[in-house]
Amino acid sequence: MGARSQPLSEDRLDKAIRLFWEKGYYDTSIEDLMARTGLHRAAIYGEFGSKKKLFEALLTRYRATVTAVKLAPLKSPDAGFAELKQFFRQFRDAEAMSRERLGCLMCLTAAEVSPHDPSIARIVSSYLDELRALFRRACLNSLARREVRSGTDVDQVADYLAGAVLGLMTLARAPAPRSALVHYVDGVLGFLNALRPKGEKR
């Protein structure tokens, strides 16, 4: 009863998220989670039933907190070209670069766990679908406002930008210098600028 009565506070859940984010799903043990969060094994299993179910719940929490903040520039139904650039520029900020060298838990999970677990793959796919849909809507708005060239293939652009997020977050986690991350973001911004109508490159 004592172990089961421990509250699964937001602080403890966030510590568990951070641990999975640092080590990955497979390299994080129940013992690691107990040490990081202060929860007993009975509390973890009593609430979630398994490490996998806990991880699924934490992915949902991560998406509702961390990724929601990152996607904020694109959330407005009116988001367009400026918001596309704002989204990627946030990863170029020096403070953000140093803070986010872990990359993205969703992107890490996409490569590490999704190929092996259908239920986790569905969670990650839902996030990637949202990301692509937000990019596509912003591209459609940009096209309607003539912020990008007539005939721009919005599906192609949305797929490219979603792939760029995966690439950028993988690079952020790698032992690459900050300059490599800056150059990557600048490359994506250059791609966006190249979509502008002739004579409008900024």
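A short reminder: the numbers here are calculations on the coordinates, not readings from a lab. Here the structure is a predicted model, which is why all the values come from computation and not from measurement. We place every Cβ from the backbone using ideal geometry, glycine too, and count neighbours over all the protein chains shown.
Quick notes
- Computed from label points 7 Å out along Cα-Cβ, the spacing between residue 86 and residue 153 is 2.9 nm.
- All Cα pairs of the range 11-58, percent lying beyond 13 Å: 48
- Taking only the C-alpha atoms of the range 63-193, the Rg (one decimal) and the largest Cα-Cα distance, Dmax (whole number), read 14.7, 43 Å.
- Table column - 3J(HN,Hα) (Hz), the range 159-176, Karplus curve with 6.51, -1.76, 1.60, x for Gly and Pro: 5, 4, 5, 5, x, 5, 5, 4, x, 5, 5, 5, 5, 4, 7, 6, x, 9
- For the chain, cysteines whose Cβ has no other cysteine Cβ within reach (under 4.7 Å): 139
- When the C-alpha to C-alpha distance is required to be over 25 Å, the pairs from 53/75; 53/85; 15/70 that qualify are 53/75; 53/85.
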